[in-house]
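Here's the structure we're looking at; comments come further down.
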Amino acid sequence: MEKYTLYIDEVGRGSIAGPVLTAGILVKNNNKLKHTYFDSKSISNKKREFLYEKIKIENIKVYTGTASNKEIDRYGINYALSLSVKRMIKKIEYFPDKIVLDGNYNYIKLAMKKNIYVECIIKGDKINNFLSCASIYAKVTRDKMMIKCSKYYPVYDFDKNKGYGTSNHYQSIKEFGLSDKHRKSFIKKQSF
């Protein structure tokens, strides 16, 4: 009988603008990856883009889910992450027998009604090749979303900061106010 494992990593948890995004690598019967991947935070943009293209030719299925900045403000970051995974799983043809999650907290259970076995691996994106793969796919996919968003909100430099709270980003907020892409619950007035 075929067994499916879904390896999940998230990106955008600490951002002050834009969505949170989860990427899942669906693996059948413990298949191996052809390439070696790395934690997306530990490599350059150029290397991430290169490996992102390699992911497309692996014998795996990759899925993503998102939750908006408004949902993050309304429900909190962990519930929003769970929503993004729920949306991702709805796209999957084969429901996974197991989920392997990067991190130490099973946020998936917050919005999921179906009971599923979840294994959490602390710093998993550094030690598990599938989680590293998910990490790169998530980061590049969300970065592309924020670059596109920057065209509509050029004053915030989303193409450069990807929605994270840099000093220039806070200066733009001070000058122009918040956009409808900002997470109001993440922005403290004393920050700018």
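The values are calculated or read from the model by the stated rules, or taken from the named source; none is laboratory data. All values derive from a computational prediction rather than experimental measurement. Please note: Cβ atoms are built from the backbone with ideal geometry, for glycine as well, and neighbour counts cover all protein chains shown.
Please pick out the residue among Ile92, Ile55, Ile121, Ile72 that is at pLDDT 90 or above and under 22 Å from Met1 (Cα atoms). Spell out the reasoning first.
Details: Ile55 fails: under 22 Å from Met1 (Cα atoms); Ile121 fails: under 22 Å from Met1 (Cα atoms); Ile72 fails: under 22 Å from Met1 (Cα atoms).
That would be Ile92, the only listed residue that is at pLDDT 90 or above and under 22 Å from Met1 (Cα atoms).
A search for C-beta distances below 8 Å between a residue of the range 119-131 that is free of Cβ contacts under 8 Å to residues at least 40 places away in the same chain and more than 19 Å from Lys61 (Cβ to Cβ) and any residue that is of a type outside the set (Ser, Thr, Tyr) and surrounded by fewer than 12 Cβ atoms within 10 Å (Cβ to Cβ), counting only pairs 6+ apart in sequence or on different chains, returns Cys120/Asn104; Ile122/Asn104.
For Tyr37, are the conditions met, namely being within 27 Å of Lys160 (Cα to Cα), part of a strand (DSSP E or B) and either modelled with pLDDT of 90 or more or out of contact with any strand residue (DSSP E or B) (no Cβ under 7 Å at 6 or more places or on another chain) (or both)? It is false that Tyr37 is within 27 Å of Lys160 (Cα to Cα), part of a strand (DSSP E or B) and either modelled with pLDDT of 90 or more or out of contact with any strand residue (DSSP E or B) (no Cβ under 7 Å at 6 or more places or on another chain) (or both). Out of the residues in the range 134-161 meeting the condition of being under 26 Å from Lys90 (Cβ atoms) and of a type in the set (Lys, Arg), tell me which one is surrounded by the fewest Cβ atoms within 10 Å (Cβ to Cβ). Among those that are under 26 Å from Lys90 (Cβ atoms) and of a type in the set (Lys, Arg), it is Lys148. Here is a list: Leu101, Leu131. Which entry is touching a Gly at 6+ places or on another chain (Cβ under 6 Å), buried (at least 21 other Cβ atoms within 10 Å of the Cβ) and at negative phi? When all the criteria are applied, what remains is Leu131.
Run down Glu58, Glu10 and say which single residue is buried (at least 17 other Cβ atoms within 10 Å of the Cβ), within 12 Å of the chain's Cα centre (by Cα) and at negative phi. Lay out the reasoning, then the answer.
Details: Glu58 fails: within 12 Å of the chain's Cα centre (by Cα).
Criteria check complete, one pass: Glu10.
Residues in the range 178-192 that are out of contact with any Lys or Arg (no Cβ under 9 Å at 6 or more places or on another chain), modelled with pLDDT under 95 and assigned to a loop (DSSP other than H, G, I, E, B) were compared, and the one that is nearest to Thr141 (Cα to Cα) is Ile187.
Answer yes or no as to whether Ser84 is modelled with pLDDT of 95 or more, of a type in the set (S, T, N, Q), in a helix (DSSP H, G or I) and surrounded by 13 or more Cβ atoms within 10 Å (Cβ to Cβ). So that I can check it myself, show each step before the final result.
On the way: modelled with pLDDT of 95 or more: yes; of a type in the set (S, T, N, Q): yes; in a helix (DSSP H, G or I): yes; surrounded by 13 or more Cβ atoms within 10 Å (Cβ to Cβ): yes.
Spelling it out, Ser84 is indeed modelled with pLDDT of 95 or more, of a type in the set (S, T, N, Q), in a helix (DSSP H, G or I) and surrounded by 13 or more Cβ atoms within 10 Å (Cβ to Cβ).
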